[in-house]
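What follows is one structure encoded as structure tokens, with my remarks underneath.
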Amino acid sequence: MIPMPILAAAGLSLLLMPFAASAATLSLPADASVAVHVIDELTLDGDTPRQDDILLSPVSGDGDASHELPEYCVLVGNARLDGERVRVTTQALTCIETKGEESAIYSGEMSAAAYEMDGSYGLDACDAGRCKLTPEHVFQLKLASALDIEQQDNPAARINEQRRQAEGAGIANPIPAERPEPNQ
């Protein structure tokens, strides 16, 4: 006979398996390219040849990119001066994809390098040893490996669902009955 706590744990894990297997995934193939730009202006020179943890965001509608990321994404990367070019690599991203009232959160690692829109490696943003990237400078990130990030838990979605239920039958958050004020 199997002790009850072990049986309960095994049953619970079997119930949870279909949810993990059917979770939505943010996927891009290896060698995919996405158009991005820096969020804040970045300047590199001989005194500051490297900057870590720069923030990038996707640019939609760029015909040269092979794929697009969700509109609401932040990518984290590093930039370093390399001769007369800026080398940018990424290590992480967080995206929120929205469809109507629903939203999905994706957060994980991403390995990609920056290329100019003409396909040349590194960014042409230097003049006489001083390099400046502005949010207007759109470039491509090419993935070094496939990207597969599973959708994460979204507590805000559960709260919004409870609010929507409260506006209806009021099961999750019943609308209080009208009562007189205590001071009246």
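Here are a few things to note about the model shown:
- Figure legend. Inter-residue proximity from region 54-77: first residues without any contact (Cβ under 8 Å) to a residue 60 or more places away in the chain and more than 15 Å from Leu28 (Cα to Cα), second residues among the β-branched types (Val, Ile, Thr) and part of a loop (DSSP other than H, G, I, E, B), beta-carbon distance below 9 Å, spacing 6+ or different chains. Indicated pairs: Ile54/Ile39; Leu55/Ile39; Ser57/Ile39; Val74/Ile39.
- For region 101-121, filtering for residues that are farther than 23 Å from Pro29 by Cβ and in contact with a strand residue (DSSP E or B) (Cβ under 8 Å, 6 or more places away or on another chain) leaves 1.
- Extreme residue, farthest from Gly77 (Cα to Cα), among residues of region 32-47 that are surrounded by 12 or more Cβ atoms within 10 Å (Cβ to Cβ) and over 18 Å from the mean Cα position of the chain (by Cα): Asp45
- Check on Thr98, free of Cβ contacts under 8 Å to residues at least 24 places away in the same chain and assigned to a strand (DSSP E or B): no
- Candidates Arg85, Arg158 - the one that is touching a strand residue (DSSP E or B) at 6+ places or on another chain (Cβ under 6 Å) and over 16 Å from Glu68 (Cα atoms): Arg85
- Condition met for Gly77 (of a type outside the set (Ser, Thr, Tyr) and out of contact with any Leu (no Cβ under 9 Å at 6 or more places or on another chain)): no
- Residue ranges of strands (runs of 3 or more DSSP E) in region 104-160 with at least 1 members under 18 Å from the mean Cα position of the chain (by Cα): 139-143, 147-150
- Applying the criterion of being open to solvent by 60 Å² or more (accessible area, probe 1.4 Å) and modelled with pLDDT of 85 or more to the residues of region 15-28, the residue that is nearest to Asn154 (Cα to Cα) is Thr25.
- Only a single item in (1) aliphatic (A, V, I, L, M); (2) at pLDDT 95 or above; (3) more than 30 Å from Arg164 (Cα to Cα); (4) open to solvent by less than 70 Å² (accessible area, probe 1.4 Å) is not met by Leu55, and it is number (4).
The values are calculated or read from the model by the stated rules, or taken from the named source; none is laboratory data. None of these values were measured; they are calculated from a predicted model. Using ideal geometry, Cβ is built from the backbone for each residue, glycine included, and neighbour counts are taken over all protein chains shown. These area figures cover heavy atoms from the full protein model, side chains too; ligands, DNA and RNA do not enter into them. Shrake-Rupley method; radii C 1.70, N 1.55, O 1.52, S 1.80 Å.
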